[in-house]
Amino acid sequence: MTETGSLTFFCGKMGAGKSTMAARMAEEEGAVLLSEDTWLAALYPGEIATFDDYLDRAARLRPMIRALVLQTLRAGTDVVMDFPANTRKQRAWFLALATEAGAPHRMIYLEASDDLCLERIAQRAKEQPDRAKFDTPEVFRRVTNYFEYPSEQEGLNTLRNAD
């Protein structure tokens with residue numbers, strides 16, 4: 001019987017460093033990295049012009065990703081997910097994935113000030129011009145309105161990482 005892989009996912013405001021840490025952890029741990037941004041760009045090129053477009057396409061993506069994650073975990077391979085876990089509902093989805101696969105999980109909570117996040121977002125917009133229309137203070141504020149701080153009552157194995 002193959003031992004299941006482990007599931008790692010991230011919580012943190014836009015610009016907190018989730019994607020950077022996810023890529024580094026996957027590389028260091030030899031895990032499969034699944035990036036929401038990469039999948040959305042590949043499956044829906046040119047279709048995401050607004051935040052509502054993002055929400056719609058992200059919702060369409062989840063069933064495909066769910067099946068892939070479950071199969072990968074059950075095959076004994078670790079998975080690092082660069083998908084947002086910034087609301088209770090999103091975190092419950094990750095926990096359900098781990099539970100259904102019978103896999104251990106960990107959520108890395110990246111705490112960063114709004115000022116630091118905005119600084120990183122501005123830098124990212126310069127380095128990746130294709131993201132400049134979304135990497136703005138206005139989008140940061142809108143997305144941050146949805147952010148829900150994680151709590152112990154959610155039953156997650158949480159590691160905190162503060163900048």
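The values are calculated or read from the model by the stated rules, or taken from the named source; none is laboratory data. For clarity, every value in this text was computed on a predicted model and none was experimentally measured. No Cβ is skipped: glycine too gets one built from the backbone with ideal geometry, and neighbour counts run over all protein chains shown.
Only one residue in Thr8, Thr38, Thr87, Thr20 is touching a Lys or Arg at 6+ places or on another chain (Cβ under 7 Å) and under 26 Å from Asn161 (Cα atoms), so which one is that? Steps first, please.
Values: Thr38 fails: touching a Lys or Arg at 6+ places or on another chain (Cβ under 7 Å); Thr87 fails: touching a Lys or Arg at 6+ places or on another chain (Cβ under 7 Å); Thr20 fails: touching a Lys or Arg at 6+ places or on another chain (Cβ under 7 Å).
When all the criteria are applied, what remains is Thr8.
Here is a check on your reading of the model: is Ala92 surrounded by 12 or more Cβ atoms within 10 Å (Cβ to Cβ), of a type outside the set (D, E, K, R) and closer than 23 Å to Ala23 by Cβ? Before the answer, list the steps.
On the way: surrounded by 12 or more Cβ atoms within 10 Å (Cβ to Cβ): yes; of a type outside the set (D, E, K, R): yes; closer than 23 Å to Ala23 by Cβ: no.
No.
Name the one entry in Ala59, Ala26, Ala67 that is surrounded by 19 or more Cβ atoms within 10 Å (Cβ to Cβ), of a type outside the set (D, E, K, R) and under 27 Å from Thr158 (Cβ atoms).
On the way: Ala59 fails: surrounded by 19 or more Cβ atoms within 10 Å (Cβ to Cβ); Ala67 fails: surrounded by 19 or more Cβ atoms within 10 Å (Cβ to Cβ).
Only one candidate passes the filter, namely Ala26.
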Of residues in segment 76-130 being among the hydroxyl-bearing types (Ser, Thr, Tyr) and within 17 Å of Thr158 (Cβ to Cβ), the one farthest from the chain's Cα centre (by Cα): Thr99
Failed item in (1) loosely packed, with under 13 Cβ neighbours inside 10 Å; (2) touching a Ser or Thr at 6+ places or on another chain (Cβ under 7 Å), with Arg74 passing the rest: (1)
Hits in segment 24-47 (condition: more than 14 Å from the chain's Cα centre (by Cα) and in contact (Cβ under 8 Å) with a residue 24 or more places away in the chain): Glu29, Gly30, Ala31
Residue within segment 38-55 that is at pLDDT 95 or above and in contact with a His (Cβ under 9 Å, 6 or more places away or on another chain) present: no
Some residue of segment 138-148 being part of a strand (DSSP E or B), in contact (Cβ under 8 Å) with a residue 40 or more places away in the chain and of a type in the set (A, V, I, L, M): no
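Identify the residue in segment 95-140 that is more than 30 Å from Thr4 (Cα to Cα) and of a type in the set (Ser, Thr, Tyr) and, among all such residues, is surrounded by the fewest Cβ atoms within 10 Å (Cβ to Cβ).
Start the filter on segment 95-140 by keeping residues that are more than 30 Å from Thr4 (Cα to Cα), which leaves 112-140.
Next, from what is left, pick out any that are of a type in the set (Ser, Thr, Tyr): 113, 136.
Working: Ser113: 12, Thr136: 15.
Top of the filtered list is Ser113.
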Complete set of residues in segment 65-112 that are farther than 16 Å from Val32 by Cα and without any contact (Cβ under 8 Å) to a residue 24 or more places away in the chain: Lys89, Gln90, Ala96, Thr99
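Could we say that Ala85 is loosely packed, with under 13 Cβ neighbours inside 10 Å, out of contact with any Asp or Glu (no Cβ under 6 Å at 6 or more places or on another chain) and among the hydrophobic types (A, V, I, L, M, F, W, C) here?
Working: loosely packed, with under 13 Cβ neighbours inside 10 Å: no; out of contact with any Asp or Glu (no Cβ under 6 Å at 6 or more places or on another chain): yes; among the hydrophobic types (A, V, I, L, M, F, W, C): yes.
Considered against the rule, which asks whether it is loosely packed, with under 13 Cβ neighbours inside 10 Å, out of contact with any Asp or Glu (no Cβ under 6 Å at 6 or more places or on another chain) and among the hydrophobic types (A, V, I, L, M, F, W, C), Ala85 comes out as no.
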Failed criterion for Val32 (all others in (1) surrounded by 18 or more Cβ atoms within 10 Å (Cβ to Cβ); (2) more than 30 Å from Glu138 (Cβ to Cβ); (3) in contact with a strand residue (DSSP E or B) (Cβ under 8 Å, 6 or more places away or on another chain) hold): (1)
